[in-house]
Amino acid sequence: MRGKWSAAVVLGLTAALTTGCTLVGGGSDDSAASTVTLVTHDSWAAPQQVLDAFQQQTGIKIDVIKKGDAGALTNSLVLTKANPIGDVAYGVDSTFASRALGEGVFDSYTSPEADRGPQRYAVDSEHRLSAVDLGDVCLNVDTNWFAQKGIPAPTGYDDLTDPQYKDLLVVENPATSSPGLAFLLGTIAKYGEQGWQGYWQKLKDNGVKSDSGWEEAYSQDFSGSSGNGPRPIVVSYASSPAAEIGADGKPRTKALLDTCYRQVEYAGVLAGTKQPDKAHKVIDFLLSQQFQATVADNMYVYPARQGVDLPKGWAEAAPLPQSSASLPGDQVQAGRERWIGQWRSLLGQ
């Protein structure tokens, strides 16, 4: 999803960078700029004005390469680790971080900005990954659809097995989708190793549909999005309702916060980069107050840095879940491929 860039934020970022408030480095024109390659996922969105302001202050031009969703990104980084395709990566999330770390994809770096909040989500004692944002995965419902049908909207996992919600749920395949994997992990956290397959069998019997990725599920099959699809329940993000504000100023959809699984997105310096000092400055930039103030408007995620204001209306439409589920990274690393294989066998995919 995409948001509109605030002119005030752009001007504030430009002023902060050109006065050297947060980032350090000498100014440079385009011809003198050196390039740092940032490898990221397809949802990356940063206005050119922001990148230009960073370049003006530091002399570093950020060249962006997109590599699918978080799962595809992680796979690409692992496969190319002997000859890395960039200097910095952003978008490896908490469902895949253990794999990237286990494969030695990242080098250690502790940013001076990390103690402003990102360290709360540290997953590695060697500080190879720095948290940039949070994107809790939750069930979303089209409240207007349920109101028009006179059916109470579901409130949690258990409701989805009720026959009155037959053929109403669309999810993403955990083998090909990061939110799909997060939702699967959420059901494992909820029902345990012995119970999650029984729960998914009930979902299958109740007509759950699985799409390959979030874009298809949300934008095509979900009735609450612009695609006006046929299904009023979808796996998406806690922040998704902020993108569905109606003419009356109220969200047309709602996230079920009791079904959220905490998904943190990280950035790190790729092992083997030939310009680690410049890569460090890019990490500092991603964690800075100025960049963090843009992530909600731009990528519909919550900033990892403390003290960053959320856009107007998010308190009602997209409050940050207070008690999202999660599983330990080592448990996810040990069970991920087995769980995905079991899910695929169960769903016939």
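A few comments on the model shown:
- Applying the condition of being more than 27 Å from residue 270 (Cβ to Cβ) and among the polar types (S, T, N, Q) to region 121-147 and asking which residue is most open to solvent (accessible area, probe 1.4 Å) yields 144.
- Scanning region 42-65 for residues that are hydroxyl-bearing (Ser, Thr, Tyr), in contact (Cβ under 8 Å) with a residue 12 or more places away in the chain, under 23 Å from residue 330 (Cα atoms) and not in a helix (DSSP H, G or I) turns up nothing.
- Condition met for residue 162 (on the phi < 0 side of the Ramachandran plot, touching a residue at least 40 places away in the same chain (Cβ under 8 Å) and either out of contact with any strand residue (DSSP E or B) (no Cβ under 9 Å at 6 or more places or on another chain) or not assigned by the TED database to the domain that holds residue 333 (or both)): yes
- Subset of region 162-179 [more than 29 Å from residue 41 (Cβ to Cβ) and crowded, with 18+ Cβ neighbours inside 10 Å]: 165
- Region 241-278, residues that are part of a loop (DSSP other than H, G, I, E, B) and of a type outside the set (D, E, K, R): 246, 247, 249, 263, 271, 272, 273, 275
- One residue from 330, 284, 309 being more than 17 Å from residue 121 (Cα to Cα), over 18 Å from the mean Cα position of the chain (by Cα) and of a type in the set (D, E, K, R): 309
To keep it simple, each residue is scored yes or no on (1) touching a Ser or Thr at 6+ places or on another chain (Cβ under 9 Å); (2) open to solvent by 20 Å² or more (accessible area, probe 1.4 Å); (3) not in a strand (DSSP E or B).
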| residue | (1), (2), (3) |
| --- | --- |
| 75 | no, yes, yes |
| 82 | no, yes, yes |
| 85 | yes, yes, yes |
| 100 | yes, no, yes |
| 110 | yes, yes, yes |
| 119 | yes, yes, yes |
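- Being buried (at least 17 other Cβ atoms within 10 Å of the Cβ) and part of a loop (DSSP other than H, G, I, E, B) holds for only one residue in 210, 225, and it is 225.
- Scanning region 62-73 for residues being within 24 Å of residue 284 (Cα to Cα) and open to solvent by 40 Å² or more (accessible area, probe 1.4 Å) gives a total of 6.
- Meets criteria (under 23 Å from the mean Cα position of the chain (by Cα) and either open to solvent by 20 Å² or more (accessible area, probe 1.4 Å) or free of Cβ contacts under 8 Å to residues at least 12 places away in the same chain (or both)) for residue 157: no
- Scanning region 300-318 for residues that are surrounded by 16 or more Cβ atoms within 10 Å (Cβ to Cβ) and either in a loop (DSSP other than H, G, I, E, B) or in contact with a strand residue (DSSP E or B) (Cβ under 7 Å, 6 or more places away or on another chain) (or both) gives 300, 301, 302, 303, 304, 305, 308, 310, 311, 317, 318.
The values are calculated or read from the model by the stated rules, or taken from the named source; none is laboratory data. From a predicted model like this one, the values you see are computed outputs, not experimental measurements. Ideal geometry is used to build each Cβ from the backbone, glycine not excepted, and the neighbour counts take in all protein chains shown. Remember, those area values only see protein heavy atoms, side chains included, never the ligands or the DNA or RNA. Shrake-Rupley method; radii C 1.70, N 1.55, O 1.52, S 1.80 Å.
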